[in-house]
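The values are calculated or read from the model by the stated rules, or taken from the named source; none is laboratory data. Please read these numbers as outputs of a predicted model, since none were measured by experiment. Neighbour counts run over all protein chains shown; Cβ positions are idealised from the backbone, glycine included. Heavy atoms of the whole protein, side chains included, go into the accessibility calculation; ligands, DNA and RNA do not. Shrake-Rupley method; radii C 1.70, N 1.55, O 1.52, S 1.80 Å.
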Amino acid sequence: LLYVILFIGFSVWAVKQVQQNLVQSGSTDGGPFQSFVEGLRISKLYWNVYTAIRDIALNLSVAIFAGQGTNQLLAAAGILTFYAAASLLSAPFNAWSLNFVEVWTSGSMVVLLVFTASLDMVGAVIN
C-alpha cells in the first residue's frame, strides 16, 4: 500500500514539474521528467497516472476475488471496459495510431476475458 501511494504521489509530482517547466519555457522544454509524458497531448499530461490507477485496480481485483476465477475475470473486464471507453473519448496521445492501439488492446482484452469467463460458467453448469 505504501508503494502504491508513493508511486502515484511521485507521478503526480513529476507531471506538475513538467507543467511548470512547460509554462516557464513557453512550451518548449518539459524539464527532466519530460520523458514521463512523452507523446501525450498537453491537456492529457496526467494520463500516466490514470494508467497506474488502472493497473492498481486490476491487481486489487485479483486480490479481492482470490479463489473466484470468474469474478476476477469479469472484474478485470469491467475495469478495462471503462479504461477503453476513457481512452476512446479522451484520445490522450498526439499520434492517432497510439490512441488506436490503446483502445484496440484494451477492447481485445475485454473480449478475451469475457470469453474466458464464459467458458468457466459453462463448465460450472455442465458439472
What number of residues within region 1-51 satisfy the criterion of being more than 25 Å from Ile79 (Cα to Cα) and part of a loop (DSSP other than H, G, I, E, B)? 5
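To keep it simple, each residue is scored yes or no on (1) aliphatic (A, V, I, L, M); (2) at pLDDT 90 or above.
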{"residue": "Val15", "(1), (2)": "yes, no"}
{"residue": "Phe36", "(1), (2)": "no, no"}
{"residue": "Lys44", "(1), (2)": "no, no"}
{"residue": "Leu88", "(1), (2)": "yes, yes"}
{"residue": "Ala91", "(1), (2)": "yes, yes"}
{"residue": "Ser97", "(1), (2)": "no, yes"}
{"residue": "Val103", "(1), (2)": "yes, yes"}
With respect to Leu60, determine if the residue is of a type outside the set (Lys, Arg) and under 25 Å from Gly107 (Cβ atoms). yes
Here is a list of conditions, (1) open to solvent by 60 Å² or more (accessible area, probe 1.4 Å); (2) in contact with a helix residue (DSSP H, G or I) (Cβ under 9 Å, 6 or more places away or on another chain); (3) not β-branched (Val, Ile, Thr), and Ser25 meets all of them except one; can you say which number that is? (1)
Quick check, is Ala63 crowded, with 17+ Cβ neighbours inside 10 Å and either within 13 Å of the chain's Cα centre (by Cα) or outside any loop (DSSP other than H, G, I, E, B) (or both)? no
Apart from one, (1) touching a residue at least 12 places away in the same chain (Cβ under 8 Å); (2) touching a helix residue (DSSP H, G or I) at 6+ places or on another chain (Cβ under 9 Å); (3) closer than 30 Å to Ala14 by Cα all hold for Leu98; the odd one out is (2)
Is it the case, given these coordinates, that Leu73 is over 15 Å from the mean Cα position of the chain (by Cα), at pLDDT below 85 and among the aliphatic types (A, V, I, L, M)? no
Cβ-Cβ under 7 Å, sequence separation 6+ or interchain: first residue in region 6-26 and more than 11 Å from Phe36 (Cβ to Cβ) and among the polar types (S, T, N, Q), partner modelled with pLDDT under 90 and assigned to a helix (DSSP H, G or I). Which pairs? Asn21/Gly31
Is it the case, given these coordinates, that Trp47 is open to solvent by 80 Å² or more (accessible area, probe 1.4 Å) and out of contact with any Cys (no Cβ under 6 Å at 6 or more places or on another chain)? no
Across (1) open to solvent by less than 70 Å² (accessible area, probe 1.4 Å); (2) not in a helix (DSSP H, G or I), Arg54 clears everything bar (2)
Which members of region 75-97 meet the condition of being assigned to a helix (DSSP H, G or I), more than 21 Å from Leu113 (Cα to Cα) and open to solvent by less than 80 Å² (accessible area, probe 1.4 Å)? Ser90, Ser97
